[in-house]
Every structure is written in structure tokens, then in C-alpha cells.
1. At a 10 angstrom cut-off on C-beta neighbours, averaged per residue, how do the peptides 57-63, 17-23, 45-51 rank from highest to lowest?
2. Among Lys70, Lys15, which comes first, then next, by fewest other beta-carbon atoms within 10 Å?
3. Please compute the Kirkwood hydrodynamic radius over region 1-86, one decimal place, Å, based on all pairs of different Cα atoms.
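Values quoted throughout were computed directly from the atomic coordinates according to the rules given, and no laboratory measurement underlies them. As the structure is a prediction and not an experimental result, all values here were calculated from the model. Neighbour counts are summed over all protein chains in view; Cβ atoms, including those assigned to glycine, are modelled from backbone coordinates with ideal geometry.
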Amino acid sequence: MRQPTMPVSRGTLRKTISASGAIRGARQADLGFTAGARIERILVEVGQTVAEGELLAEMDSTLQELALLKAQNAYELTGASGSQAGSGYSPQL
């Protein structure tokens, strides 16, 4: 059986593929935080590749800083009253 033939010419060869679907990253992680706070700055872009340990965002630390100051003040007050009790100090009422 004889195969059909066609003349050949020089030109640009183009191949197009059409498809539909969703594109996902090879690895994805859900993030969770132990302290609730507002995000102050996002340091990466959507789709950007990041390395392990890389800082992704900065959270507002105002509430944590206030809690630290409160705890430090309570500790100092407790320490002061504890040292006074051991030295025979007796406050006048």
C-alpha cells in the first residue's frame, strides 16, 4: 500500500497544548501561631519560594511587650517585699 506524500517547506514549527485545571505548589504548609496578634508586615510574595527558617511576616508585638513589662513589675514588687520580710522590716500601718 502506498503512503500519501506532501511537499515540505521551511518555516517555524509551533506546537500548542490547551488544558484546564488547578496549579498547586509541590509543597505547601498551613501556618499556626500560639499568640494572637495583628500582622504588621508581610515579607514574601505569593508564589515566592522560601527557605526553611526564613522570616515570612512580622507580627505586632505591642501586647506581648506590655505583658512582659507587667510581669517584670510584678516580679520586682514581689522581690522587694520578699527581701524586706527577710530583713526584719515591719511596715507601719
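1. Listed from highest to lowest mean packing, they are 57-63, 45-51, 17-23.
2. Lys15, Lys70
3. 20.8
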